[in-house]
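Contents: one structure, followed by commentary.
The values are calculated or read from the model by the stated rules, or taken from the named source; none is laboratory data. Nothing here was measured: the structure is a model prediction, and the numbers come from that model. Quick reminder, even Gly has a Cβ in these numbers, built from the backbone with ideal geometry, and neighbours come from all protein chains shown.
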Ligand SMILES: [Zn+2]
């Protein structure tokens, strides 16, 4: 006789704010695991110190800034781990220099993709955020379950 299946627990509907926060948390986690908890530019990690003696603080750094594209805020391909010094460098240095660094690291194709994505202006609906949450959840599961 077949056992009665336990009814699936229904996930409580998240508000838009909670959904966005959830996506940000997931994306940040994915990026930190992917980048090995090190600054992608100088390789410093939490616990290291700068020459000045100040402790290194790792940050979730966006390539296309948050203000420029809401749809890229939680896109792992649009963010990296930077230490606070390299994060500042990325945001304040001459773009020719920072973009040259980026292209050297990740390739022209990746940069072109980011630029093309930045140009898309479209409304992001709540359903897009929940689809993104599911996609990021799967991505995180995939990188945490392998080896
Ligand atoms: Zn750094």
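Looking at the range 85-102, which of its residues are within 16 Å of the ligand (Cβ to nearest atom) and part of a loop (DSSP other than H, G, I, E, B)?
Of the range 85-102, the ones within 16 Å of the ligand (Cβ to nearest atom) are 85-93, 97-98, 101-102.
Residue satisfying the conditions is 93 alone.
Residue under question is residue 66, and the condition is that it be more than 16 Å from the ligand (Cβ to nearest atom), surrounded by fewer than 12 Cβ atoms within 10 Å (Cβ to Cβ) and at pLDDT below 95; does it hold? Show your work before the answer.
Values: more than 16 Å from the ligand (Cβ to nearest atom): yes; surrounded by fewer than 12 Cβ atoms within 10 Å (Cβ to Cβ): no; at pLDDT below 95: yes.
No: the conditions fail for residue 66.
Among the residues of the range 42-57, are any under 13 Å from the mean Cα position of the chain (by Cα), without any contact (Cβ under 8 Å) to a residue 24 or more places away in the chain and not in a loop (DSSP other than H, G, I, E, B)?
The initial filter retains those residues of the range 42-57 that are under 13 Å from the mean Cα position of the chain (by Cα), namely none.
Within the range 42-57 (the criterion being under 13 Å from the mean Cα position of the chain (by Cα), without any contact (Cβ under 8 Å) to a residue 24 or more places away in the chain and not in a loop (DSSP other than H, G, I, E, B)), the answer is no, since none of the residues qualifies.
Which one is surrounded by the most Cβ atoms within 10 Å (Cβ to Cβ), of the residues in the range 42-63 that are within 20 Å of residue 103 (Cα to Cα) and more than 9 Å from the ligand (Cβ to nearest atom)?
Initially, the range 42-63 is screened for residues within 20 Å of residue 103 (Cα to Cα), giving 42-43, 60-63.
Adding the requirement that they be more than 9 Å from the ligand (Cβ to nearest atom) leaves 60-63.
Working: 60: 17, 61: 24, 62: 22, 63: 22.
By that ranking, first place goes to 61.
Provide a single number: the residues in the range 69-84 that are out of contact with any helix residue (DSSP H, G or I) (no Cβ under 7 Å at 6 or more places or on another chain) and within 12 Å of the ligand (Cβ to nearest atom).
2
If the requirement is being within 16 Å of the ligand (Cβ to nearest atom), at pLDDT 95 or above and closer than 29 Å to residue 115 by Cβ, which of these qualifies: 39, 27, 23? Full working, then the answer.
Working: 27 fails: within 16 Å of the ligand (Cβ to nearest atom); 23 fails: within 16 Å of the ligand (Cβ to nearest atom).
When all the criteria are applied, what remains is 39.
If I filter the range 20-33 for residues that are part of a loop (DSSP other than H, G, I, E, B) and free of Cβ contacts under 8 Å to residues at least 12 places away in the same chain, do I get at least one hit?
Scanning the range 20-33, I find no residue that is part of a loop (DSSP other than H, G, I, E, B) and free of Cβ contacts under 8 Å to residues at least 12 places away in the same chain, so the answer is no.
Looking only at the range 113-135, which residues are over 18 Å from the mean Cα position of the chain (by Cα), free of Cβ contacts under 8 Å to residues at least 12 places away in the same chain and part of a helix (DSSP H, G or I)? Before you say what the answer is, go through the steps one by one.
Quick first cut of the range 113-135, residues over 18 Å from the mean Cα position of the chain (by Cα) only: 119-123, 125-127.
Cutting the leftovers down to free of Cβ contacts under 8 Å to residues at least 12 places away in the same chain gives us 119, 121, 123, 125, 127.
Passing the criteria: only 127.
Output the number of residues of the range 83-105 satisfying the condition of being surrounded by fewer than 11 Cβ atoms within 10 Å (Cβ to Cβ) and touching a residue at least 40 places away in the same chain (Cβ under 8 Å).
Qualifying residue count for the region: 0.
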